[in-house]
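Quick notes on the structure that follows.
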Amino acid sequence: MNTVVETTPILSDILGSLKPEPGLKTDAFNSLEKMGLPSNKSEEYKFTPITRALEKNFNFANSNPQSELNTIDKFAIADVDAHTLVFVNGIFSETLSRYNQTDLQIKPITGLEPGFGTLADYKTDALVAWNTAAWSSGFSIEVNPNTTVNKPVVFHYIHDTTKAEVKSFIRNIIRVGKSSNLTIIEKQDTVGEQPGFSNIVTEGFVEENAALSLFSLQADNGKRFHFGQTAIMQAHSSRVNSFTLTLDGKLIRNNLQLILDGEGIESHMNGLYILHGDTIADNHTVVDHRKPNSNSNELYKGVMEDNSKGIFNGKIYVRPDAQKTNAFQSNRNILLSDGATVNTKPQLEIWADDVKCSHGCTTGQLDEEALFYLQTRGIRKETARAMMLYAFAGEVLNTIAIEPLKNYVDALISERLHKNF
Amino acid sequence: MLSIKNLHAKIEDNQILNGLNLEVRPGEVHAIMGPNGSGKSTLASVLAGREEFEVTDGTVDYLGKNLLELDPEERAREGIFLAFQYPVEIPGVSTINFMKTAVNQVREARGQEPLDAVSFLGVMKEKMKLVEIDQSLLNRSLNEGFSGGEKKRNEIFQMAMLEPKLAILDETDSGLDIDALRIVANGVNKLRNKNNSIIVVTHYQRLLEYIVPDFVHVLYKGKIVKSGTKELALELEAKGYDWIKDEVALA
């Protein structure tokens, strides 16, 4: 670990803006002060110049503007009946939210929940430390054992940057009780032209035989800079499915970490990033097999156009105890222009000897021969291109089991790809 | 229908076609034969509009239009069809959806109403019979995991769906066993009529037993060096291509 602290001009503004209470917040504050923000020499942020981007776009000495937003209709996920929790500029809006507590408990986060701060490590990641010191709102979502939760919970992280730039720090904790299930959908959107930075950390505990589905929809065409860390601990025979969609934003960094701390676990991580303009989208994932007999499967696919940049880093740890692990990872990328780039890095660290692990990453252009083939059947080149990209994305899209959500995502993708067939 | 005059074409720095002339009238079937590397597939590619090939001289007139100015999809809409030697596998695109898109974009370009799902399926079922292709195959991703014979039948099925005026069959017999060959050839023959024309590009005479040509041309070093009737194909089968090479060398 690099212990050299690079003092960045904004670090003192950030530290000055924080008034951490004693306890974890202060510990995290000290950790941030000690680590500093990641520099371009930092291994984990080598391709994602987040500190520089924040320096250029934000003044952390300023506080957030007030918002007069009175509807979020245009950001709603059509036909998905859900509990909705709406945050505007990092503050929970009771009036814009709609939820009830019939089959789950939704409570404002206190920081005193069991397990709080144990999965998202504020000692090694400065942005997690920042969130841990700075969070101002968020929820604890808890599902009792043996409970079927019928409606997903949707978190709307909205920035209203009409008057000025916005910074938001949100912290959530999720606990899915034994043999229960829960679906969480996170969505980010912006109104206004000024930049916004969100730093959102979610920790989750999925107990024995429970199931958690996590969706993150990042199609924010505002000037969104985002850091997110989601860390989930899975117990015996539990199941986690994640789907991360990135279509827009200025700079998006998603850290997703699954800890498989039991046997008979199923973990599926799916990701799709279709980028244009100058968007940078960075997915760092960790699958940590700690016990025997579990399966993980990861599929991330990306399409980069214009001057956009995709980054994928997939770590798989198979600990000495985790015999009979099956762990698969695949990252496939298509570059559509000379200015587009992708950096992909699988990182497998395997200490057990009786395991099946594989990974593969590919980067290429659209298959010209296939395009020609479609054209010779009378199909316009743009349609042929859209057909092939849509087919490429379809493999990930088809993992979404909730039909109305799949249709919603399908529409977002189709619009992006100018699908007209 | 098609008039090729003095066609020269190259790919990168390799000059492949060197002054090729060919006249095809409606209702005719022309076979283009020749040894490996003579330019047969290049001719097919140039006619279909493959970008990698650069036409350096000559003209191609198709139904009064300068064919070389048209994009591949425009050529298809004008009635040109290329059956690929190596049909491309396209994962995630079902054959049926692909065909529906193709048929309707071609119809649109011809000023016809698009086919709705029911009429499309009706037409499709009828054409499937021509090449004895099963619907389960068409529900799958385009050519993905198809056997050689299935791929070629799929090509002829697409030809049937698009009803071309000029079909170019590029080595359609390669990789086919005798049963598959017969099925594919029967499909082609059923589509043959007095208004449309077919160019059959092949190395062997075998396919021409089933798709009987009106004319046979021998392509060598990028030029048609000999033309005749179907008997020429038999002669080539019996004697090989060396005597042609010798004739050219002498001339």
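We did not get these values from a lab; they are worked out from the coordinates using the rules stated. Computed from a prediction, not measured in an experiment: that's the story for all the values here. Quick reminder, even Gly has a Cβ in these numbers, built from the backbone with ideal geometry, and neighbours come from all protein chains shown.
For the stretch B:98-110, the criterion of being assigned to a helix (DSSP H, G or I), of a type in the set (Val, Ile, Thr) and within 20 Å of the chain's Cα centre (by Cα) is met by at least one residue.
In a helix (DSSP H, G or I) and either over 23 Å from A:HIS284 (Cα atoms) or in contact with a strand residue (DSSP E or B) (Cβ under 7 Å, 6 or more places away or on another chain) (or both): is that true of A:LEU127 in this structure? So A:LEU127 passes the test.
Quick check on the stretch A:157-182: of everything there that is crowded, with 23+ Cβ neighbours inside 10 Å and touching a helix residue (DSSP H, G or I) at 6+ places or on another chain (Cβ under 9 Å), which residue is farthest from A:ILE77 (Cα to Cα)? Per the stated criteria, the residue is A:LYS167. Of the residues making up the stretch B:13-41, those that are free of Cβ contacts under 8 Å to residues at least 40 places away in the same chain and either buried (at least 21 other Cβ atoms within 10 Å of the Cβ) or in a loop (DSSP other than H, G, I, E, B) (or both) are B:ASP13, B:GLY37.
Taking the stretch B:33-86 as the range and being farther than 22 Å from B:LEU219 by Cα and of a type in the set (S, T, N, Q) as the test, only B:ASN66 passes. Being farther than 30 Å from B:GLU78 by Cβ, crowded, with 18+ Cβ neighbours inside 10 Å and within 13 Å of chain B (Cβ to nearest Cβ) is the requirement here; does A:VAL409 meet it? So A:VAL409 fails the test.
Residues that are charged (D, E, K, R) and in contact (Cβ under 8 Å) with a residue 24 or more places away in the chain were ranked within the stretch B:45-73; the one that is farthest from the other protein chains (Cβ to nearest Cβ) is B:ASP57. Scanning the stretch A:290-314 for residues that are surrounded by fewer than 24 Cβ atoms within 10 Å (Cβ to Cβ), touching a strand residue (DSSP E or B) at 6+ places or on another chain (Cβ under 7 Å) and outside any strand (DSSP E or B) yields A:ARG290, A:LYS291, A:GLU305. On the given criteria, is B:PRO26 within 14 Å of chain A (Cβ to nearest Cβ) and not acidic (Asp, Glu)? No: the conditions fail for B:PRO26. Residue count for the stretch B:60-84, restricted to those that are loosely packed, with under 15 Cβ neighbours inside 10 Å and more than 18 Å from A:GLU368 (Cβ to Cβ): 5. Residues of the stretch B:128-149 that are away from every other protein chain (no Cβ under 14 Å) and basic (Lys, Arg): B:LYS129 alone.
Applying a threshold of 7 Å to beta carbon distances and a minimum spacing of six or more residues, or different chains, the list of pairs starting in the stretch A:370-391 at a residue that is at the interface with chain B (Cβ under 8 Å from one of its Cβ atoms) and ending at one that is in a loop (DSSP other than H, G, I, E, B) and surrounded by 21 or more Cβ atoms within 10 Å (Cβ to Cβ) reads A:TYR373/B:PHE84.
Candidates are the residues of the stretch B:104-122 that are at the interface with chain A (Cβ under 8 Å from one of its Cβ atoms) and of a type in the set (A, V, I, L, M); the one that is nearest to B:THR202 (Cα to Cα) is B:VAL106. What do you reckon, is A:MET387 among the hydrophobic types (A, V, I, L, M, F, W, C), under 30 Å from B:ILE80 (Cα atoms) and touching a strand residue (DSSP E or B) at 6+ places or on another chain (Cβ under 6 Å)? The answer is yes for A:MET387. State whether one or more residues within the stretch A:281-289 are touching a strand residue (DSSP E or B) at 6+ places or on another chain (Cβ under 7 Å) and in a loop (DSSP other than H, G, I, E, B). Scanning the stretch A:281-289 turns up no residue that is touching a strand residue (DSSP E or B) at 6+ places or on another chain (Cβ under 7 Å) and in a loop (DSSP other than H, G, I, E, B). You will find that of A:ASN57, A:ASN89, A:ASN30, A:ASN64, the residue that is more than 29 Å from A:VAL153 (Cβ to Cβ) and in contact (Cβ under 8 Å) with a residue 40 or more places away in the chain is A:ASN57 and no other. Summed over the stretch B:42-51, residues that are surrounded by 14 or more Cβ atoms within 10 Å (Cβ to Cβ), outside any helix (DSSP H, G or I) and either out of contact with any Phe, Trp or Tyr (no Cβ under 7 Å at 6 or more places or on another chain) or among the β-branched types (Val, Ile, Thr) (or both) total 1.
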